[in-house]
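The values are calculated or read from the model by the stated rules, or taken from the named source; none is laboratory data. Because the structure is predicted, anything quoted here is derived from the model rather than measured. Virtual Cβ from ideal backbone geometry, glycine too; neighbours counted across all protein chains shown.
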Amino acid sequence: MPTQKEVAERAGVSFITVSRVINNGAHVRESTRKRVEQAIRELGYEPSFAGKALNTGKNDTIGVMAPSGFGDMMENAYLMGVLRGIEAACREANKDVLISPITENGNTDYLRPYRQRKVDGMIYIGLRRMNNTILGELANRKIPCVVIGDRPQVNGVCWVDTDNEEAGYETTRRIIDQGHRHIAFHSINEDMYNPNIFGREKGYKRALREAFGSGATISVLRAGYDRESVRGSVLEVFGKPGETPTALFCATDNQVIAALSAFRKLGICVPSDVSLVGFDGFLPSFLIEPEIATNVQPLEDMGRTAVTMLIAQSEQHAAQPHGKVFPVSFIPGQSLAPPRNGQGQNGRKSAESRR
């Protein structure tokens, strides 16, 4: 493997001159720079990672704290979408990516790559709550960091997120505009941490209260993340005799799959008996019938923006920590339709009346 000394000998310059060229240093004539660059190409020389970090204090590497152990298609799709944006932006900026998996037990030292000067800053993909120990160290040591999908109120930490409350509001308004009055929202258990889902729930409630005032029917279903608990909550609400919702707005597409399973068991058809809307846009239309109306987050753009913010933090020291909110796009689908006329006050028959 060629060395920096061999490059210097080939170019007829000193070792220090080669170092200045590699690190974009000043006080190097253009003709000398070109001669050194030519020698580098001819020898196939690659600068030492450790040596460059020692000379410049920078590694041109970005650390990513990403949740590990996901077995579910939906969470993997979110993660992969964000990572594609991070990778593309790093490639364009000539940065490398070092991923530190976040385990469920929380025993991993996620900031070790920064302490060991392997990375210039960290991106945290916020599908799980960032613990107080990490937050405290980020603030105290002024470690460049950008959080994706959450908005930690910590000095020095930037964040990138989507406008989940507005998306929940606008989606509910679309369902109302179709003629629905009794609209259920599938959320998560109140003791869980997911500000994105609770933001969507808040927007749902705001839209109903704005449209119907004190007469608004607020129906929030709650369960864990696993599909079986979601399926059980849908069976409980839609399997009751009497009046049931004519539309179900799910906070995630993962919940949509569980809801469809519950509806099949109850003999409920989408959208003729009940309309169904999701969130995330991860369901392939060629596998799911009918095509599900949903919302899509600009995941790759979020990853790209996180890289831009982090570079600004780590290299442009005057840059101030801040946040950026992205809008969410609604994708129409066959699963959202007006309620059928003549099927009771809310537009569809109850599960009991069909048996």
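Annotations
- Test set (1) surrounded by fewer than 23 Cβ atoms within 10 Å (Cβ to Cβ); (2) within 23 Å of the chain's Cα centre (by Cα) - I292 fails condition number: (1)
- Residue within segment 300-319 that is surrounded by fewer than 21 Cβ atoms within 10 Å (Cβ to Cβ), over 30 Å from V160 (Cα atoms), modelled with pLDDT of 85 or more and not aliphatic (A, V, I, L, M) present: no
- Scanning segment 1-45 for residues that are in a loop (DSSP other than H, G, I, E, B) and in contact with a Leu (Cβ under 7 Å, 6 or more places away or on another chain) yields a single hit, P2.
- Residue in segment 117-124 that is at pLDDT 80 or above, assigned to a strand (DSSP E or B), among the aromatic types (F, W, Y) and surrounded by 19 or more Cβ atoms within 10 Å (Cβ to Cβ) present: yes
- The residues of segment 130-162 that are in contact with an Asp or Glu (Cβ under 9 Å, 6 or more places away or on another chain), part of a loop (DSSP other than H, G, I, E, B) and not basic (K, R), listed by number, are M130, I143, P144, G149, D150.
- Residue count, segment 255-289 (criterion: at pLDDT 95 or above, part of a loop (DSSP other than H, G, I, E, B) and within 23 Å of the chain's Cα centre (by Cα)): 2
- Single residue of segment 169-210 satisfying the filter (of a type in the set (G, A, S) and farther than 19 Å from V274 by Cβ) that is surrounded by the most Cβ atoms within 10 Å (Cβ to Cβ): G203
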